[in-house]
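Down below is the structure, laid out as structure tokens.
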Amino acid sequence: MSQLNNKDIVELGSGDCSKISILLNSIPKYNLENISYIPVDVSQSAIQGSSEELSELFPELSINGIVADFINQLDLIPSEKKRIFLFLGSTLGNFTKEEVSKFLTELSFKMNPGDSFLLGIDLVKPLMILHNAYNDSQNITAMFNKNILNVINDIIDSDFNENDFEHKAFFNKEKSRIEMHLIANEDMIITTPHSESEIRIKKGENIHTENSYKFSYDQIKNFEKITGLTIKETYTDANNWFVLVMFEKLNSHSDY
Ligand SMILES: C[S@@+](CC[C@H](N)C(=O)[O-])C[C@H]1O[C@@H](n2cnc3c(N)ncnc32)[C@H](O)[C@@H]1O
């Protein structure tokens, strides 16, 4: 962990502090004093909640949370010190192929020589494992999927009822992605006071809510070409279902 000494740890899409806590726990206390943690998330409550929790757990750590969009606002991230960017939880898998290229190109362009980038990736794995992960027996993924309707209701005062939909998740092999859908279990008319138009949904019609792409090592290797960054290390689990890839920026962008 000495490679983190005197660096800024910038976590993009930081969410809660569960993953960074594991990393911070492995750093000796006297080294934490030299490190700044910069969580970046669009969610103000996630930044506030995780910053408060982390400052209690790691009082030596300096925390500088930024509420920002990691696609368009990378310039808000301080660049005086060497940085290690973290992009964990396979958030990259929610992007289309074009968005992946654009995001990685943009990020590598903003990185300075000596900065590094740790990317967490969900790999292609046996179909049954993928299926069960998104159709869990406690219905956690189903609740997560249906919650999008509550979020829409909160934003536009609409009257979606999550009980009128069934959760459906399957692996689209051709596109190498899990697709999540909500299938209407009856005819309905959705209204909002913000529009005179209604949304008419028929029983059996579906709302495609999320894609979660699964990656191969060939695609990850190709990220080197897209970004000009160099893969320094990869870390995987015993089943080879997930991988953490450490990229490094060796040269300035114009050198390649
Ligand atoms: C799948 S969660 C991952 C959270 C955490 N990294 C983990 O692995 O547990 C994605 C996080 O990214 C944030 N997020 C999504 N799009 C974003 C964007 N464009 N800019 C900044 N944060 C974003 C969400 O608010 C959420 O906290």
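The values are calculated or read from the model by the stated rules, or taken from the named source; none is laboratory data. Note that the structure is predicted; figures quoted are calculated from it, not measured. Don't worry about glycine lacking a Cβ; one is built from the backbone with ideal geometry, like all the others, and counts go over all protein chains shown.
In the stretch 51-85, which residues are near the ligand (Cβ under 9 Å from one of its atoms) and not in a loop (DSSP other than H, G, I, E, B)? Steps first, please.
Let us first name the residues in the stretch 51-85 that are near the ligand (Cβ under 9 Å from one of its atoms), namely 67-73.
Of everything in the stretch 51-85, just one residue is near the ligand (Cβ under 9 Å from one of its atoms) and not in a loop (DSSP other than H, G, I, E, B), namely Val67.
How many residues, within the stretch 162-174, are surrounded by 14 or more Cβ atoms within 10 Å (Cβ to Cβ) and within 29 Å of Pro193 (Cβ to Cβ)? Please lay out each step first, then the result.
Pass one, the stretch 162-174, residues surrounded by 14 or more Cβ atoms within 10 Å (Cβ to Cβ): 162, 164-171.
When the remaining residues are screened for being within 29 Å of Pro193 (Cβ to Cβ), the result is 162, 164-167.
Counting residues in the stretch 162-174 that are surrounded by 14 or more Cβ atoms within 10 Å (Cβ to Cβ) and within 29 Å of Pro193 (Cβ to Cβ) gives 5.
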Residue match in the stretch 104-120 (condition: touching an Asp or Glu at 6+ places or on another chain (Cβ under 7 Å), more than 16 Å from the ligand (Cβ to nearest atom), at pLDDT 95 or above and not in a loop (DSSP other than H, G, I, E, B))
yes
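Output yes when any residue across the stretch 7-15 is in a helix (DSSP H, G or I), near the ligand (Cβ under 9 Å from one of its atoms), in the same structural domain as Leu119 (by TED's automatic domain parsing) and of a type outside the set (Gly, Ala, Ser), and no when none is.
Step one: filter the stretch 7-15 for residues in a helix (DSSP H, G or I), giving none.
No, there is no match, as no residue in the stretch 7-15 is in a helix (DSSP H, G or I), near the ligand (Cβ under 9 Å from one of its atoms), in the same structural domain as Leu119 (by TED's automatic domain parsing) and of a type outside the set (Gly, Ala, Ser).
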Could you check how many residues of the stretch 3-42 are buried (at least 17 other Cβ atoms within 10 Å of the Cβ) and of a type in the set (D, E, K, R)?
4
I'm trying to understand the selection: among the residues of the stretch 86-101, which are more than 12 Å from the ligand (Cβ to nearest atom) and outside any loop (DSSP other than H, G, I, E, B)?
Lys97, Glu98, Val100, Ser101
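Does Lys249 fit the bill of being loosely packed, with under 14 Cβ neighbours inside 10 Å, basic (Lys, Arg), assigned by TED's automatic domain parsing to the domain that holds Leu104 and modelled with pLDDT of 95 or more?
Values: loosely packed, with under 14 Cβ neighbours inside 10 Å: no; basic (Lys, Arg): yes; assigned by TED's automatic domain parsing to the domain that holds Leu104: yes; modelled with pLDDT of 95 or more: yes.
No.
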Pick from the stretch 30-49 the residues that are more than 23 Å from Asn5 (Cβ to Cβ) and among the polar types (S, T, N, Q): which of them is nearest to the ligand (Cβ to nearest atom)?
Ser43
Do we have any residue at all in the stretch 58-72 that's free of Cβ contacts under 8 Å to residues at least 12 places away in the same chain and over 22 Å from Ile178 (Cβ atoms)?
yes
